[in-house]
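**Q** Could you have a look at this structure, given as structure tokens, before my questions?
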Amino acid sequence: MKSLHSVIALAFMSSLHAQTPLISKPAPKRWPSQITKVGIPCSDGATQEAMWFAPSTTEKKPLLVGLHTWSSSYASAGGDAVYAEWCVAQGWAFVHPDFRGPNWTPPALGSDRAVQDVVEAVAWAKQQTQVDETRIYLVGVSGGGHMAMLMAGRHPEIWAGVSAWCGIDDIAQWHAEHTKNGVPDKYAQNIEAALGHAPTKGDPEAWKRSPLSCLKQAAAVPLDIAHGIHDGRAGSVPFTHALRAFNAVAAEAGRLDANAFPLFYETQKLPPGWQSAPPDASYGVKVPIFRHISGNTRLTIFEGGHEIVHQAALNWLAKQRRGQPVVWDVRDFIPLDVEGESGK
């Protein structure tokens with residue numbers, strides 16, 4: 001018997017809208033020629049390197065903040081270069097900050113300093129070009145998804161929309177998931193290097209760097225949390241991180257039954273009473289399997305692994321305006337034909 005999400009995928013694939021492209025082109029290996037390297041002065045006296053673009057127009061424009069992945073830096077292209085390509089094509093400003101680089105040093109991994117780096121990158125961008133304050137967006141996958149959720153909770157006043165993909169919600173939990181028979185793998189070793197010790201449940205430093213510690217403060221932010229159902233198997237972050245993150249933001253009446261999370265992960269089948277996601281052509285072949293909304297927060301578990309669907313993420317962000325009701329309907333979207341990029 002075919003799994004539920006396979007049936008949904010086949011049914012949806014047969015009725016995809018004509019505007020939906022085949023997702024076939026690999027992510028670019030280099031930044032677009034319009035993107036430049038810049039140095040952003042930091043309040044601690046350091047200089048934060050970043051990639052930057054602003055169109056020549058003097059009119060106010062959206063700003064997209066793209067966050068690098070766990071093991072990457074401001075200079076890493078790949079899937080992050082798709083964010084830049086979008087901004088060049090759409091006339092948006094774009095900044096890709098370093099926020100202290102890969103997540104294996106104490107100043108990185110969601111530290112107060114890393115959080116402040118992102119805040120200061122936004123402030124710097126607003127000094128360089130005219131930015132529409134109602135259209136400042138944040139996007140990230142994997143380590144970038146972790147930081148996107150953390151920034152949504154720590155600084156909800158900035159964002160018109162936050163799109164977080166395959167993010168880590170709890171650093172200590174993720175460390176445990178990457179420690180087998182007492183032996184930490186590379187991600188767990190990264191965490192230990194950043195914290196200066198191996199965290200256990202309730203570790204205060206690991207908790208402070210975890211989105212779960214602050215996500216309840218993101219309730220007013222349009223927040224789109226997405227995760228591939230195969231992640232944790234074909235990927236490094238079990239999709240249960242997204243389930244818990246959603247519950248941390250959602251009002252009590254809109255929360256999911258946390259008791260069902262382990263079974264959902266183990267079987268990859270919807271728990272009793274959970275409804276299949278409606279079609280969403282913006283996801284292309286990465287068909288949504290489960291979707292749940294509470295207030296300004298949406299959770300999507302899709303047919304995929306440890307990756308981002310750029311077409312869905314960027315088109316959803318484009319519809320959001322700070323101070324306006326969140327927009328979930330993305331039927332009319334700009335097609336992209338790039339493959340999802342796994343976080344590393």
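The values are calculated or read from the model by the stated rules, or taken from the named source; none is laboratory data. The model shown is predicted, which means the values in this text are computed figures rather than measured ones. Virtual Cβ from ideal backbone geometry, glycine too; neighbours counted across all protein chains shown. Only protein heavy atoms, including side chains, enter the accessible area calculation; ligands, DNA and RNA are left aside. Shrake-Rupley method; radii C 1.70, N 1.55, O 1.52, S 1.80 Å.
**Q** Is it possible to state the helix-based mean residue ellipticity at 222 nm for the chain, with each DSSP H run of 4+ residues giving -39500 (n - 2.57), the sum divided by total residues, to the nearest 500 deg cm²/dmol? What is it?
**A** The helix contribution divided over the chain gives -8500 deg cm²/dmol.
**Q** Using 7 Å Cα-to-Cβ label points, what is the Q90/E133 separation (nm, one decimal)?
**A** 2.2 nm
**Q** Just to be sure I understand the model, the point goes 7 Å from the Cα along the line to the Cβ. What's the resulting A123 to D44 distance in nm?
**A** Using points 7 Å along Cα→Cβ, the separation is 1.5 nm.
**Q** Hey, if you drop one equal point scatterer on each alpha-carbon of region 66-176 and run the Debye formula without solvent, what base-10 log of I(q)/I(0) do you get at q = 0.16 Å⁻¹?
**A** -0.68
**Q** So, with a 1.4 angstrom probe, what is the percent of accessible area on the chain that is carbon and sulfur?
**A** On the way: 7270 of 13830 Å².
About 53 percent, which is the carbon plus sulfur part of the accessible surface.
**Q** Also, I was wondering about something else. Using a 1.4 angstrom probe, figure out how much accessible area the chain has per residue, in square angstrom, rounded to the nearest whole.
**A** So the chain comes to 40 Å² accessible per residue, rounded to a whole number.
**Q** Multiplying the sequence separation of A176 and K37 by 0.36 nm and subtracting their Cα-Cα distance, what value in nm do you get?
**A** Between A176 and K37, full extension yields 46.3 nm more.
**Q** Once Lys and Arg get +1 and Asp and Glu get -1 on their Cβ, which of P222, C166, L138 lies farthest toward the positive end of the dipole of region 128-256?
**A** C166
**Q** Here is a follow-up. Using only C-alpha atoms and all pairs of different ones, pull out the Kirkwood radius for region 104-145 in Å with one decimal.
**A** It is 11.8 Å.
**Q** Ok, one more. Can you give me the pair-distance distribution of region 29-78, C-alpha pairs, 10 Å bins, whole percents?
**A** With 10 Å bins starting at 0, P(r) equals 20, 47, 30, 3.
**Q** Residues with beta-carbon under 13 Å from that of D132, excluding D132: net charge, scoring Lys, Arg +1 and Asp, Glu -1?
**A** +4
**Q** Can you give the charge dipole size of the chain about its Cα centre, rounded to the nearest 20 debye, using +1 on the beta carbon of Lys and Arg and -1 on the beta carbon of Asp and Glu?
**A** That gives the chain a dipole magnitude of about 280 debye.
**Q** Give the percent of DSSP beta bridges with both residues in the chain that are antiparallel, rounded to the nearest 5. Please report the intermediate quantities before stating the final value.
**A** Working: 19 of 44 bridges.
Approximately 45 percent, going by the DSSP bridge assignments.
**Q** Additional query: Convert 20 °C to kelvin, take the viscosity as 1.002 mPa s, use the Kirkwood radius over C-alpha pairs of the chain as Rh, and evaluate the Stokes-Einstein diffusion coefficient in µm²/s, rounded to a whole number.
**A** 107 µm²/s
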